[in-house]
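In what follows, a single structure is set out as structure tokens and then discussed.
The values are calculated or read from the model by the stated rules, or taken from the named source; none is laboratory data. For clarity, every value in this text was computed on a predicted model and none was experimentally measured. Here Cβ is always computed from backbone atoms with ideal geometry, including for glycine, and neighbour counts include all displayed protein chains. Protein only, heavy atoms only, side chains kept; ligands, DNA and RNA dropped before computing areas. Shrake-Rupley method; radii C 1.70, N 1.55, O 1.52, S 1.80 Å.
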Amino acid sequence: AIAGTIEGSTLTITKAGTIKVQVVTAATETVASSTVISTLTVNKGTATGTITVADVSYGNPVADPTTTADPATAGVTSIEYRTGSGSWSTTKPTAAGSYQARATIGGGDLYEATIVTTTFKIDKAMLTVSADNKSKARDEADPALTYSAVSGLASGDTLSAVLTGSLTREAGEDVGTY
């Protein structure tokens, strides 16, 4: 049902729908009183808007999206995220990858809901790993090769969680740096 208020001779509509309006004119010396009943239909308006989400590097939080709604009274009613063709969720992503964000503009009593989308990325973090210096004498067995992270671990990650495989060295037995 339509909603609104009447103040004096002004009818203010606050909700889309259909309402019967009755207008009664007063009688004068030359005109008889009359009543006119009309049906007034107020359709929901169309809202538009935008959404943007800044790219970030892994380990940094995704900022709140920047949204606009036109008209502003339509408002933004929801924001959701997903990767690929996965399910939409209100939880901001944290893993490196490409994502979509969508905002629902309008909806409710006055505006049809409009969905606007954008894409953004969480770039992989740059991990710098250095091999530990080792030495050996000629014809000895190679020492155990080890490494350490110099920088780049993020979000509580550990080397053992993000690195796999084994270390090897250049072939050679002659005196020199390998």
Across 5 Å bins beginning at 0, the whole-percent shares of Cα-Cα pair distances in the range 1-94 come to 3, 9, 12, 13, 11, 9, 8, 7, 7, 6, 5, 3, 3, 2, 1, 1, 0
Please report how many Lys pairs in the chain have alpha carbons closer than 18 angstrom, counting only residues at least 8 apart along the chain or sitting on separate chains. 4
For the range 29-81, what log10 I(q)/I(0) values come out of the Debye formula at q = 0.18, 0.19 1/Å, with one point per alpha carbon and no solvent? -0.78, -0.82
Computed over the range 21-116, protein heavy atoms only, probe 1.4 angstrom, the accessible area per residue in square angstrom equals 62
Given a 1.4 angstrom probe, I'd like the percentage of the accessible area of the chain that is carbon and sulfur, rounded to a whole number. 51
Taking only the alpha-carbon positions of the range 1-48 and ignoring solvent, what does the Debye formula give for the base-10 log of I(q)/I(0) at q = 0.18, 0.20, 0.22, 0.32 Å⁻¹? -0.68, -0.77, -0.85, -1.18
Of the residues 105, 11, 144, the Cα lying farthest along the dipole of the chain towards its positive end, which is defined by charges on the beta carbon of Lys, Arg, Asp and Glu, belongs to 11
Which distance in Å, rounded to a whole number, links the C-alpha centroids of the range 105-151 and the range 1-79? 48
Which of [x] 241; [y] 162; [z] 148 gives volume of the Cα convex hull per residue in Å³ as computed here? It is [z]
Taking amide H atoms as placed 1.01 Å from N in the peptide plane, list the residues 5 or more away in sequence, or in a different chain, whose amide H sits under 5 Å from that of residue 57. 123
